[in-house]
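To keep things clear, I will list the structure first and then write my remarks on it.
The values are calculated or read from the model by the stated rules, or taken from the named source; none is laboratory data. Fair warning: this is a prediction, and the values are worked out from it, not measured in the lab. Please note: Cβ atoms are built from the backbone with ideal geometry, for glycine as well, and neighbour counts cover all protein chains shown. All accessible areas refer to the heavy atoms of the entire protein, side chains included, with ligands and DNA or RNA removed. Shrake-Rupley method; radii C 1.70, N 1.55, O 1.52, S 1.80 Å.
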Amino acid sequence: MARRSKREARHASNENHKISRQIVAVARRTERGIALEELSGIRDRVRLRRHQRTTHSSWPFHQLGTFIQYKALRAGVPFLEVDPAYTAQRCPVPWCGHTKRANRPDRDTFACRRCGFAGPADVIAATNIRKRACVAWAFVSMPVPAPTRGKGDATPARHPAATGSATRCEHPGRKVGRSRPRS
């Protein structure tokens, strides 16, 4: 039993490496970022039927997220984890945004009770995750504002982080160093 358990763990780890490598490669090729739901504590929050419990508990979700994160950072691909609350129940239409459990009549479909927008539930959840990541990314990559002058300041304070762009946040995999002196 112990050998079989270790064999299954190696298999799951290998599959997670393959999946994460493919996801990061596609994101790098298309010059896009990766956003995932933060799934910490998912086993405590989710209620499953008896026959689903073994399948759900045996696959290492956290390991897959960790692999995607470190490979994305190594490749210079932006990576964010967003809050998963109500991503499958919220209408993605910008002027609607209706959030209700009744928007999910069953596991596979989404149908907004207010505006009538419908589609596959997984696609709707992914759209909502993308929207949350775009909003969060605006705050992550925002340059630090220059400090304001107060009363009695003779000269404006200079803050080196206030000038320039947020390239360190956007591309953490790239090394930032001194340029060579010109000859």
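When Lys71, Lys131, Lys100, Lys6 are compared by accessible area at a 1.4 angstrom probe, the order from most to least is Lys6, Lys100, Lys131, Lys71. Report the net charge of residues surrounding Glu81, where surrounding means a beta-carbon distance below 11 angstrom and charges are Lys +1, Arg +1, Asp -1, Glu -1. Around Glu81, the surrounding residues sum to -2. Were the residues from Arg107 through His62 laid out at 0.36 nm apart, the gain over their Cα-Cα distance would be 13.9 nm. Full extension of the chain between Val26 and Lys6 gives 4.2 nm of extra length, using 0.36 nm per residue less the Cα-Cα distance. How much net charge surrounds Arg113 when only other residues with a Cβ under 11 Å from its Cβ are counted (Lys, Arg +1; Asp, Glu -1)? For residues surrounding Arg113, the net value is +4. Accessible surface for His62 stands near 150 Å², nearest 10, in the context of the full protein assembly shown (1.4 Å probe). Straightening the chain between Leu39 and Ala85 buys 15.5 nm, computed as 0.36 nm per residue apart minus the Cα-Cα spacing.
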